[in-house]
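Encoded as structure tokens, the structure appears first; notes follow it.
The values are calculated or read from the model by the stated rules, or taken from the named source; none is laboratory data. None of these values were measured; they are calculated from a predicted model. Cβ placement follows ideal geometry from the backbone for every residue including glycine, while neighbour counts extend to all protein chains displayed. Heads up: the accessible areas ignore ligands, DNA and RNA and are worked out on the full protein's heavy atoms, side chains in. Shrake-Rupley method; radii C 1.70, N 1.55, O 1.52, S 1.80 Å.
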Amino acid sequence: MNTPTTERAETGLLIIGASQAGVQLAISLRGTGFDEHITLLGEEDHRPYQRPALSKEFLQDKVDKENLIFRSQEYWDEHDIELVKGARIERIERNTAADGTQDGSGVAVAADGTRYPFRRLALAVGARARRLEIEGAELDGVVYLRSADDALELKARLGDVQDAVVVGGGFIGLEAACSLHGMGKNVTVMEYGPRLVGRAVGEDTSEYFLQAHRGRGIDIRLGARMTRFVEGTGERAGTVAGVELEDGTVVDAQLVLVGIGVVPNTELAEQMGLAVDNGIVVDRHAVASDGTTVAVGDVANMPNPSPGHPRANGSGWRA
Ligand SMILES: Cc1cc2nc3c(=O)[nH]c(=O)nc-3n(C[C@H](O)[C@H](O)[C@H](O)COP(=O)(O)OP(=O)(O)OC[C@H]3O[C@@H](n4cnc5c(N)ncnc54)[C@H](O)[C@@H]3O)c2cc1C
């Protein structure tokens with residue numbers, strides 16, 4: 001028997017992705033007088049929350065999930081912003097007039113078949129953690145940190161962990177390393193490159209980070225060449241037990257946290273035929289190549305207003 005398809009009422013603006021960028025877009029539009037109905041839709045089952053604390057205060061149990069929530073339900077109700085949780089959009093159908101023109105309206109179709117008609121569309125679908133392809137990457141205990149669910153899973157595992165390896169010496173890797181170290185774990189950071197946070201800061205700052213982390217007792221390995229994640233034996237079969245390096249040494253780890261960057265979620269944009277190049281290519285008004293769809297946040301590849309600087313992904317990093 002086929003499940004009947006639900007068709008929602010048309011919304012003025014459908015924002016796909018209910019996180020930092022989507023939330024801010026909805027709030028800013030109301031602040032500037034946009035008075036059409038807004039639907040803010042996301043696939044996660046949580047109310048929109050702030051990610052930055054996931055590797056810091058939330059991981060350290062200094063704040064709980066409630067502290068991360070952006071706005072109360074009353075706020076969304078008062079501002080005529082409909083929040084839809086747990087809905088993953090799988091494709092966009094664009095309305096096309098008889099003469100072939102498109103005005104930016106269409107229907108977003110969710111994984112459960114629910115249809116969300118819209119007059120205008122904004123993509124705030126962000127990015128996902130880049131996966132590491134290495135032998136043993138599928139072992140239990142190899143984890144990533146992008147979402148609240150990832151953080152909850154990570155926290156639930158920590159009781160059994162004495163030694164942790166963090167793969168990636170970028171911001172998230174170092175923040176998580178400090179948090180884990182502060183909880184009494186032996187932490188080793190494996191950084192493939194010659195210095196820490198190499199893509200974002202200069203050499204002096206990298207050196208400062210290196211000394212600061214080593215000074216705390218975190219083992220930082222630069223130029224680390226890992227060959228595989230080692231599986232445990234006996235009762236720990238199927239679970240990670242260590243990380244093997246090119247020289248054959250194995251660093252013990254009951255937990256491996258991989259933080260090697262993100263990949264923008266461009267699948268919907270590609271399906272829509274929008275220009276994509278390490279993110280959805282937008283102009284300085286955040287408008288994509290079709291002239292109507294807006295893309296904001298980590299998924300957007302926007303022009304950098306400073307002359308001579310390359311394009312950059314939307315949200316940037318505010319420490
Ligand atoms: C652990 C951690 C710590 C961080 N710390 C800092 C910090 O200190 N300072 C800082 O500036 N930045 C920090 N960041 C980065 C910051 O959180 C991101 O830049 C920001 O979240 C980007 O917001 P966004 O809304 O563009 O994308 P995202 O936060 O990635 O949100 C996109 C949302 O869209 C949803 N989505 C995707 N596809 C679909 C679909 N097809 N249908 C429905 N929903 C969909 C996703 O599930 C997600 O909820 C941190 C990130 C992490 C993970």
remark   = Residue by residue through segment 51-60, the couplings from Karplus 6.51 cos²θ - 1.76 cosθ + 1.60 with θ = phi - 60°, in Hz, x for Gly and Pro, are 7, x, 6, 4, 8, 10, 4, 5, 5, 7
key: Share antiparallel - DSSP beta bridges, segment 131-260, percent rounded to 5   = 30
ask   = Using alpha-carbon positions, what is the distance between the centroids of segment 133-157 and segment 67-81, in Å?
value = 30
ask   = For segment 131-260, with every protein chain kept in place, what is the accessible area per residue (1.4 Å probe, Å²)?
value = 48
task = Please report, in debye to the nearest 20, how large the charge dipole of the chain is about its Cα centre when each Lys and Arg carries +1 at its beta carbon and each Asp and Glu carries -1 there.
result = 620
Vicinal HN-Hα couplings computed from phi for segment 115-124 (Karplus, 6.51 cos²θ - 1.76 cosθ + 1.60; Hz; Gly/Pro x) = 10, 10, x, 9, 8, 9, 10, 10, 9, 10
ask   = How many nm separate the modelled label positions at Leu245 and Arg94, each set 7 Å beyond the Cα in the direction of the Cβ?
value = 5.2
query = Thr101 to Gln211: extension gain in nm, 0.36 nm per residue of separation minus the Cα-Cα distance?
reply = 33.7 nm
query = Based on the Kirkwood radius over alpha-carbon pairs, what is the Stokes-Einstein translational diffusion coefficient of segment 1-64 at 10 °C with 1.306 mPa s viscosity, in µm²/s?
reply = 112
request  = Rank these by accessible area, largest first, 1.4 Å probe: Lys62, Lys155, Lys85.
outcome  = Lys62, Lys85, Lys155
ask   = How far, in nm, would the chain grow between Thr32 and Ser72 when pulled straight, counting 0.36 nm per residue and subtracting the alpha carbon separation?
value = 12.4 nm
key: Placed amide H near Arg120: partners under 5 Å, 5+ positions off or other chain   = Leu13, Leu14
remark   = Place a point 7 Å from the Cα of Val63 in the direction of its beta carbon; the residues of segment 18-37 whose amide N falls under 15 Å from it are 20
task = Calculate how many DSSP beta bridges within the chain are antiparallel, expressed in % of all such bridges and rounded to the nearest 5.
result = 40
Per-residue HN-Hα couplings for segment 125-133 [Karplus 6.51, -1.76, 1.60; θ = phi - 60°; Hz; x = Gly/Pro] = 8, x, 9, 10, 5, 5, 8, 9, 9
request  = Treating cross-link reach as a plain straight distance, find the lysines whose alpha-carbon is under 22 Å from the alpha-carbon of Lys62, omitting any fewer than eight places away in the same chain.
outcome  = Lys155, Lys185
key: Three principal axis lengths of the chain [C-alpha, angstrom, descending]   = 67, 56, 36
remark   = Once amide hydrogens are built 1.01 Å from N within the peptide plane, the residues lying 5 or more places from Leu257 or on another chain with amide H under 5 Å from its amide H are Val143, Val165, Val166, Val167
inquiry  = Can you give the log10 of the normalised intensity I(q)/I(0) at q = 0.10, 0.13, 0.21 Å⁻¹, computed with Debye over equal Cα scatterers of segment 165-319?
reply    = -0.51, -0.76, -1.18
task = At a 1.4 Å probe radius, which order do Ser55, Ser289 fall into by accessible area, largest first?
result = Ser289, Ser55
remark   = Listed by chain and number, the residues whose amide H is under 5 Å from that of Glu90, excluding neighbours fewer than 5 places away on the same chain and using placed H, are Val109, Ala110, Ala111
message = Tell me the carbon and sulfur percent of the accessible area for segment 131-260, rounded to whole percent, probe radius 1.4 Å.
response = 46
remark   = The orientation-averaged projected area of the Cα convex hull of segment 192-258, in nm², is 5.4
inquiry  = Pairs of alpha-carbon atoms within less than 8 angstrom and 6+ residues apart define the contacts here; what relative contact order does segment 131-260 have, in percent?
reply    = 36
task = Using R₀ = 22 Å, calculate the FRET efficiency as 1/(1 + (r/R₀)^6) where r is the Cβ-Cβ separation of Arg228 and Asp160; round to 0.05.
result = 0.55
message = Out of all DSSP beta bridges in segment 1-118, what portion is antiparallel? Express it as a percent rounded to 5.
response = 50
remark   = The simple spin-label model distance between Glu135 and Asp80, using points 7 Å out along Cα→Cβ, in nm, is 6.2
